[in-house]
Amino acid sequence: VYGTVKNHKGSVDLFSQPGKGTEVRIHLPASDQEFSYDEVNQERSTDSVTFDICVLLVEDEPSLAEVETAMLRSLGCTVILCKNGKEAVDTFSKSWRDIDLVILDMVMPVMNGKEAFYAMKKINPEVLAILVSGYSLNGEAQSLLAKGIKGFVHKPYQKSEMADAIAEAIRTN
């Protein structure tokens, strides 16, 4: 949440007192941009989009991993789930010939997305990967794009955004 708020030039205030509770205030700037409710809720349909690929999904947050796995499966992907970068590199080293795409979280325990990507490139220099993060496309993520990451998807994302990123990664490979 903090990363999303900061990316939208907002701030978060946190007030907490023992025995009294916690109050969180999120401040977002007003927008002059006009939009209609229908436009906001009209997500591009991904019902007809399917990918017959094996995806190595690297996500350390269990609830997100569950949602992302279901989303990828609904897109026709076979999913191998790993909870950190080291586990992903170990899995990739054993099965890289069967893995078509890696979806890496940038911030993870044990080994982060950058370290995992570089380790996978040593195993297969042609590794096809997409980076996901709740933080903005900062210098470190930008440098990974220059080193061969095929796309960046900002969390939280919609199914159509991931479908577009997968299609683009496959197309440019």
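The values are calculated or read from the model by the stated rules, or taken from the named source; none is laboratory data. The model shown is predicted, which means the values in this text are computed figures rather than measured ones. Here the Cβ positions follow ideal geometry from the backbone for every residue, glycine too, while neighbour counts run over all protein chains shown. Keep in mind that these areas ignore ligands, DNA and RNA; they rest on the heavy atoms of the full protein, side chains included. Shrake-Rupley method; radii C 1.70, N 1.55, O 1.52, S 1.80 Å.
Observations on the model:
- If you filter region 93-117 down to residues that are of a type in the set (S, T, N, Q) and in a helix (DSSP H, G or I), you find that the one that is nearest to Leu72 (Cα to Cα) is Ser95.
- Test result for Ile80, surrounded by fewer than 23 Cβ atoms within 10 Å (Cβ to Cβ) and either among the aliphatic types (A, V, I, L, M) or in contact with a Ser or Thr (Cβ under 6 Å, 6 or more places away or on another chain) (or both): yes
- Annotation note: of Thr4, Thr46, the sole residue that is modelled with pLDDT under 80, assigned to a helix (DSSP H, G or I) and closer than 27 Å to Leu75 by Cβ is Thr4.
- Boolean, Ala119 is small (Gly, Ala, Ser), surrounded by 14 or more Cβ atoms within 10 Å (Cβ to Cβ) and modelled with pLDDT of 90 or more: yes
- Verdict on Gly10 being surrounded by 10 or more Cβ atoms within 10 Å (Cβ to Cβ), in contact with a helix residue (DSSP H, G or I) (Cβ under 9 Å, 6 or more places away or on another chain) and either farther than 30 Å from Leu128 by Cα or at pLDDT below 85 (or both): yes
- Looking across region 60-77, just one residue is under 18 Å from Asn112 (Cα atoms) and either open to solvent by less than 30 Å² (accessible area, probe 1.4 Å) or of a type in the set (Val, Ile, Thr) (or both), and that is Ala65.
- Taking the criterion of being in a helix (DSSP H, G or I) and of a type in the set (D, E, K, R), the residues of region 79-92 that qualify are Lys86, Glu87, Asp90.
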